[in-house]
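The values are calculated or read from the model by the stated rules, or taken from the named source; none is laboratory data. The model shown is predicted, which means the values in this text are computed figures rather than measured ones. Counting neighbours? That spans all protein chains shown, and the Cβs are built from the backbone with ideal geometry, glycine included. To get the accessible areas, we keep the full protein, side chains included, count just its heavy atoms, and leave off ligands, DNA and RNA. Shrake-Rupley method; radii C 1.70, N 1.55, O 1.52, S 1.80 Å.
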Amino acid sequence: MKKGTRKIDSFFKKMDRQGEAVSYNDIRLKTGYSEITPSSPDMDTSSLFSRRVKLKIPIVSSPMDTVTEAKMAIAIAKLGGLGIIHKALSPKEQAAMVGRVKHHLNAFVSDPICVSPDNTIGEILQMKKDKGYKFYSFLVRDSSGLIVGLVTHNDFDFCRDKDTRISKIMSTEIICAKPDITIQGAYRQMMETKKKILPVFNHDGSLRGIYTWADVSRIVLKSSETFNVDGRGSLVVGAAIGVGADLEERMNFLNREKVNVVVIDTAHGDSKKVIDAVKFCKKYYSQIDVVAGNISEPSSAKHLVRAGVDGIRVGQGPGSICTTRVIAGIGCPQVTAIYNCAKAVRGSGVPICGDGGIEYSGDIPIALAAGAHNVMMGKALAGTTESPGDIIHKGGRTVKSYRGMGSLGAMIEHKTSRERYGQTDLTPDKLVPEGVEAEIDYKGDLNIIVSLLIGGLKAGMGYVGAKNIAALHRKADFHKISGTGLRESHPHGLLNMKDAPNYRGEKL
Ligand code: 5GP
């Protein structure tokens, strides 16, 4: 095989000659000689979402108002993936959610939340509630900027009067660490002093930040090995942005909360407005990675790379709640779209996200084999405890709602949804939806669903003989299957089949 070519190239060349494009149900991976099993410790599912944003598992939750808010983003990052917080929120609300994820876990907090000695306990408890902070340890900073004390969980527990001022309960004896202390050093010092918060001051006496016990111990004792954290020790999180008038304001807020990556979330990524937005973000916020989409053609992928993107989101119409393909008559079956876009930018270092259409766990190794570096999912992660929205008991079923961001309901409610589909200024009676609103069965906790999805991915990699995603890209090849082949792939000819945890007859 020539350098730079892959086994799948001849499969897709043949498909192209025949004028055919394929999706998940049209193909299966060929098995290959294997020295790896799914449960082997050498099996490595790590990948990239964008040039600088890593993933321990190649799963990203979609920026949809029934899929990803702070709770989902925290849970999925703790499992090694990434959540993209949706943009049907004001810039301030969205940034507050990003902040919630960022403050959820912090080995070293460089800009800790400080309180004033004049604050009352009641005021601090209200701030915790408003901002969603789970922690109780705060440094106390006076009006001149000096750190004068510390309050921790105990101080709140043993003080019943909410009007008590912080200055009355704070401890003024602050044990601090040397400026160059490592996380291991911080762990040892905290063990010795039995203090759950360890401030670090610069040589000039200014505050450099704090170490917090829960996270330091979790990291040192490796109980957080699965967590997807950035270089500052906080959970990785992304946020969707649009190309409308609030772009600058949204970026400004998200930047303040130290978002890792923004996703320019539009239905047509190969457009002037998206390219201009990419250039704007790269020029003024170069520390934040920019992923853009959605696209499905190779020329579009090239345009985005030329504009300077750090990642590309592929998928126009494969989603379970999408109607774009039938309403607008456009799009390309998803696996061919992933292959063509990935091939067009092969060697550029820009990762590809295969977005939408994942029905079964076996679709994930297929998407990655076609050239994706990660998959984005809506339906497979919606309906979990961590997805936004209430659990509804209805006609003997337990359900949650799941809807397209281009559905009528979402478009009426959110300007950003109208903007995603280029219908910003239309009145409700003129809107042309490109998605539907639905309910799906409540599935329980996210970790169970993700473990089944990743289990299926590892099984697929084991059959191909690929111990990591790069090997899957190199070794994978496809069989095209017929309708009978597809029927044979599913359980068939049975009576009273019981649901398996990852197979319901009726998809995940
Ligand atoms: P799923 O995982 O449910 O198959 O697909 C989720 C993906 O569908 C999302 O990540 C997003 O790209 C896309 N999507 C979300 N809402 C809509 C919509 O209303 N219309 C269309 N065409 N696509 C949507």
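Measuring against 30 Å, Cα to Cα, the residue pairs LYS415/LYS480; LYS14/LYS282; LYS129/LYS195; LYS54/LYS134 contain LYS415/LYS480; LYS14/LYS282 as the ones spanning a longer distance.
For the chain, the Stokes-Einstein estimate of translational diffusion at 4 °C and a viscosity of 1.567 mPa s comes to 53 µm²/s, using the Kirkwood hydrodynamic radius over alpha-carbon pairs. Less than 18 Å from a label point 7 Å out along the Cα-to-Cβ axis of ASP230: which backbone N atoms in region 269-300 qualify, by residue? Hits in region 269-300 for ASP230 at 18 Å: 281-292.
As a length-normalised measure over Cα pairs under 8 Å and 6 or more apart, the relative contact order of the chain settles at 21 percent.
A straight chain from LEU125 to GLU249 at 0.36 nm per residue would run longer than the Cα-Cα distance by 41.7 nm. Remark: region 153-169, residue by residue, has Karplus-estimated 3J(HN,Hα) of 3, 4, 4, 6, 4, 8, 10, 8, 7, 5, 8, 4, 7, 4, 4, 7, 10 Hz, where x stands for each Gly or Pro and the curve is 6.51 cos²θ - 1.76 cosθ + 1.60 at θ = phi - 60°. Other residues lying with their Cβ under 13 Å from the Cβ of ILE330 contribute a combined charge of -2, Lys and Arg counting +1, Asp and Glu -1. Full extension of the chain between HIS203 and LEU221 gives 3.5 nm of extra length, using 0.36 nm per residue less the Cα-Cα distance. Between THR66 and ARG403, the built amide H atoms are under 5 Å apart, and every one of these is 5 or more places off in sequence or on another chain.
Modelled label positions at ILE412 and ASP42, each set 7 Å beyond Cα in the direction of Cβ, lie 5.8 nm from each other. If the chain linking SER116 and CYS159 were pulled fully straight, counting 0.36 nm for each residue of separation and taking away their Cα-Cα distance, it would gain 13.8 nm. According to the Kirkwood relation over distinct C-alpha pairs, the hydrodynamic radius of region 108-220 is 14.5 Å. In this Cβ point-charge picture (+1 for Lys and Arg, -1 for Asp and Glu), the chain has a dipole of about 1340 debye about its Cα centre.
For region 215-300, the solvent-accessible area with a 1.4 angstrom probe is 41 square angstrom per residue. Each residue of region 237-245 was assigned a 3J(HN,Hα) from its phi angle through the Karplus curve 6.51 cos²θ - 1.76 cosθ + 1.60 (θ = phi - 60°); the sequence is 8, x, 9, 7, 10, x, 10, x, 5 Hz, with glycine and proline shown as x.
In order along region 46-61, phi translates into HN-Hα couplings of 5, 7, 10, 9, 8, 3, 10, 9, 8, 10, 8, 10, x, 10, 10, 8 Hz, rounded to whole numbers, per the Karplus curve 6.51 cos²θ - 1.76 cosθ + 1.60 with θ = phi - 60° and x for Gly and Pro. Percent of C-alpha pairs per 10 Å bin in region 396-508, short distances first: 11, 23, 26, 27, 12, 1.
What region 411-508 shows is 58 Å² of accessible area per residue, with the surface traced by a 1.4 Å probe over protein heavy atoms. Once the gyration tensor of the Cα atoms in region 214-326 is diagonalised, the equivalent ellipsoid follows with semi-axes of 30, 18, 13 Å, ordered largest first.
Annotation: amide H of ARG208 within the under-5 Å range of VAL200, PHE201, ASN202, sequence separation 5 or more or interchain, hydrogens built in the peptide plane.
When the trypsin sites (Lys or Arg not before Pro) in region 424-508 are filtered for DSSP coil states and for at most 15 other beta-carbon atoms within 10 Å of their beta-carbon, the remaining sites are LYS498, ARG504, LYS507. Each label was represented as a point 7 Å from its Cα along the Cα-to-Cβ direction; for LYS282 and SER90 these points are 3.3 nm apart. At what distance in angstrom do the alpha carbon centres of region 212-260 and region 143-185 lie from each other? Their Cα centres are 25 Å away from one another.
Inter-part distance, region 21-89 to region 442-508, computed on C-alpha centroids, equals 14 Å.
Cross-link pairs exceeding 27 Å in C-alpha to C-alpha distance, out of LYS273/LYS430; LYS56/LYS128; LYS78/LYS467; LYS13/LYS302; LYS71/LYS302; LYS102/LYS458, comprise LYS56/LYS128; LYS71/LYS302; LYS102/LYS458. Carbon-plus-sulfur accessible fraction, the chain (probe radius 1.4 Å, protein heavy atoms only): 51%.
Charges were assigned to the Cβ only: +1 to each Lys and Arg, -1 to each Asp and Glu. The resulting dipole of region 108-220 about its Cα centre is roughly 340 debye.
Residues whose amide H lies under 5 Å from that of ASN374, counting only those 5 or more places away or on a different chain, are ILE352, GLY354; hydrogens are built 1.01 Å from N in the peptide plane.
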